[in-house]
């Protein structure tokens, strides 16, 4: 079965949940076959690169105490020691331990690989019916109750009923350009993330079940330019 024939056109809805038109989707962005190996490699690299080095030990020069020689060099019958901060003493410094300034978890991700992984996930979400195109979202005021009202309305669209019932990671709302008022309206709804289309990445798409795209024509143009610009 050729999925590409199914997803090359999609319905555009308004914020009241009614059909407002249709849009043709570029095959280069929404028509790629699933590539699990590519997606896994890119996402794993992103997660690893985001890791922060917490493990940190102190050397003998950083632990407290040990300023005085424990006992005299000779005549006690015991082994000679110069400081209790030595690594062989309990409470002393650590030899060759992890240092947070020396740990680097960054993994290079090829720009084209990251872009193709993004397109691959978008294609799969389109096939699964998890992408919703909204003509525009205009709220009376930047308030949570108006944002929730829009969510309640669009969740009545077939296939997106769980957008309001899902408590976590319900939807990623991708906007064509920065809209502070819209971001303020949705920021108290923990299951929804609002960000610009240009900041969309494979990890975010996989973390959220639905993708809601506003101003579809403008947003898709931004997606198509990902290979030409930064990723």
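Every number in this text was worked out from the coordinates using simple rules, so none of it is lab data. This one's a predicted model, so the numbers in the text were calculated from it and none came from an experiment. No Cβ is skipped: glycine too gets one built from the backbone with ideal geometry, and neighbour counts run over all protein chains shown.
With angles folded into 0 to 90 degrees, how steeply does helix 144-154 sit against the dominant principal axis of the chain? Use alpha carbons for both and round to 10. For helix 144-154, the angle is close to 50 degrees.
Rounded, prolate or oblate: pick one for the chain, where a ≥ b ≥ c are the square roots of the eigenvalues of its C-alpha gyration tensor, a/c under 1.5 means rounded, and failing that, prolate if a/b is larger than b/c, else oblate. It would help to have the intermediate numbers written out before the result.
On the way: a/c = 3.96, a/b = 2.52, b/c = 1.57.
In terms of gyration-tensor shape, prolate.
If I take R0 = 22 Å and measure r between the Cβ atoms of residue 72 and residue 96 in this structure, what FRET efficiency does the formula 1/(1 + (r/R0)^6) give, to the nearest 0.05? E between residue 72 and residue 96, to the nearest 0.05, is 0.15.
Quote the FRET efficiency, to the nearest 0.05, computed for residue 144 versus residue 206 with a Förster distance R0 of 25 Å and r equal to the Cβ-Cβ distance. For residue 144 and residue 206, the calculated efficiency is 0.40. Just checking the listed ones, 95, 147, 18: in the Gaussian network model of the chain with Cα springs under 10 Å, the one fluctuating most is 95.
For segment 133-206, a/c is less than 1.5, where a ≥ b ≥ c are the root eigenvalues of the C-alpha gyration tensor. That puts it in the rounded class. Applying 1/(1 + (r/R0)^6) with R0 = 22 Å to the Cβ-Cβ distance of residue 218 and residue 168 gives a FRET efficiency near 0.15. Relative to the longest principal axis of the Cα atoms of the chain, the long axis of helix 111-127 lies at roughly 50 degrees.
For the pair residue 86 and residue 9 in one chain, pulling the backbone fully straight at 0.36 nm per residue adds 20.7 nm over the alpha carbon distance.
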